[in-house]
Amino acid sequence: MLDVLDDESRAHFDAVRAGLEAVGIHYEIDHGLVRGLDYYTRTAFEVHDRSLGAQSALGGGGRYDGLIEALGGPPTPGVGFSIGLDRVLLVLEERGVKPPAASGGVFVVAMEGTRDQALKLTRELRREIAVDCDLEARGFGPQLKSAGKSGARFAVLVGEEEWKRGQVAIKDLERGEQETVPREELVARLRERLAPRVEGATP
């Protein structure tokens, strides 16, 4: 199928692959992948854990760009997925992985030149705490506005110059205070600030 992609579809597929590589997600191109829904468009995917043997699929999905229009609505891009929740929980339990604390939360905000770095940082932080980020490549102001609406307690600002110096900024969205910290100390600083809420104490 990849041999007959038109230019637009090939550019989209290349962008998907570049995005996966930017955040360090390993992937394999499966020419025999079959999903059961006929309204997939462009990219379809599955997530596997090979340690499970023959029943290795944890979930899958894809783009549904034509679905809303087919149901009578306006042309609307879309993406979705489903997971085998019981299988995912079993794998996490076997590996000793605990879900991050959801209280408080963090929103990562990128600059024009740090979008890839921000996505990678988001992925790293999610191993420890509940984190969200912008996926629409919007400007700094709209991202910060989304951070405020998300319910997150803190925003992590990934500035271009700060990133070059190995730093990021933590902004307290309730108090308006902001502090620049070394990247290697980010998780510890966020844990420290989120801990009072996790424990039910007053910050």
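The values are calculated or read from the model by the stated rules, or taken from the named source; none is laboratory data. From a predicted model like this one, the values you see are computed outputs, not experimental measurements. Note that each Cβ is placed from the backbone with ideal geometry, even for glycine, and that neighbours are counted across all protein chains shown. Keep in mind that these areas ignore ligands, DNA and RNA; they rest on the heavy atoms of the full protein, side chains included. Shrake-Rupley method; radii C 1.70, N 1.55, O 1.52, S 1.80 Å.
Matching residues to (1) at pLDDT below 95; (2) closer than 17 Å to MET111 by Cα; (3) in a loop (DSSP other than H, G, I, E, B):
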| site | (1), (2), (3) |
| --- | --- |
| ARG127 | yes, no, yes |
| ALA130 | yes, no, no |
| GLU136 | yes, yes, yes |
| GLY141 | yes, yes, no |
| LEU144 | yes, yes, no |
| ALA147 | yes, yes, no |
| GLY176 | yes, no, yes |
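Suppose the filter is under 24 Å from ARG138 (Cβ atoms), open to solvent by less than 40 Å² (accessible area, probe 1.4 Å) and in contact with a Phe, Trp or Tyr (Cβ under 6 Å, 6 or more places away or on another chain); does GLY61 pass it?
Here the answer is yes, as GLY61 does meet what is asked.
Considering only region 92-107, I want to know if a residue exists there that is modelled with pLDDT of 90 or more, in a helix (DSSP H, G or I) and of a type in the set (Phe, Trp, Tyr).
No - not one qualifying residue is present in region 92-107.
So, PHE107, is that one buried (at least 19 other Cβ atoms within 10 Å of the Cβ), of a type in the set (Phe, Trp, Tyr) and under 16 Å from VAL168 (Cα atoms) or not?
Working: buried (at least 19 other Cβ atoms within 10 Å of the Cβ): yes; of a type in the set (Phe, Trp, Tyr): yes; under 16 Å from VAL168 (Cα atoms): yes.
Here the answer is yes, as PHE107 does meet what is asked.
If GLY24 satisfies every condition in (1) of a type outside the set (Lys, Arg); (2) closer than 21 Å to THR122 by Cα; (3) touching a Leu at 6+ places or on another chain (Cβ under 9 Å) but one, which is the exception?
Every listed condition holds for GLY24 apart from (3).
How many residues, within region 64-90, are among the β-branched types (Val, Ile, Thr), assigned to a helix (DSSP H, G or I) and surrounded by fewer than 15 Cβ atoms within 10 Å (Cβ to Cβ)?
The number of residues fulfilling the criteria is 1.
Please go through region 125-139 and pick out each residue that is free of Cβ contacts under 8 Å to residues at least 40 places away in the same chain and under 13 Å from VAL158 (Cβ atoms).
VAL131, CYS133, ASP134
Tell me, please, whether a residue that is closer than 30 Å to ARG50 by Cβ, touching a strand residue (DSSP E or B) at 6+ places or on another chain (Cβ under 6 Å) and small (Gly, Ala, Ser) can be found in region 152-161.
First, pick out the residues of region 152-161 that are closer than 30 Å to ARG50 by Cβ: none.
There is no residue in region 152-161 that is closer than 30 Å to ARG50 by Cβ, touching a strand residue (DSSP E or B) at 6+ places or on another chain (Cβ under 6 Å) and small (Gly, Ala, Ser).
Filter region 178-197 for residues that are at pLDDT below 90 and over 19 Å from ARG127 (Cβ atoms); which is surrounded by the most Cβ atoms within 10 Å (Cβ to Cβ)?
ARG197
Among the residues of region 28-49, is any at pLDDT below 90, in a strand (DSSP E or B), basic (Lys, Arg) and open to solvent by 50 Å² or more (accessible area, probe 1.4 Å)?
yes
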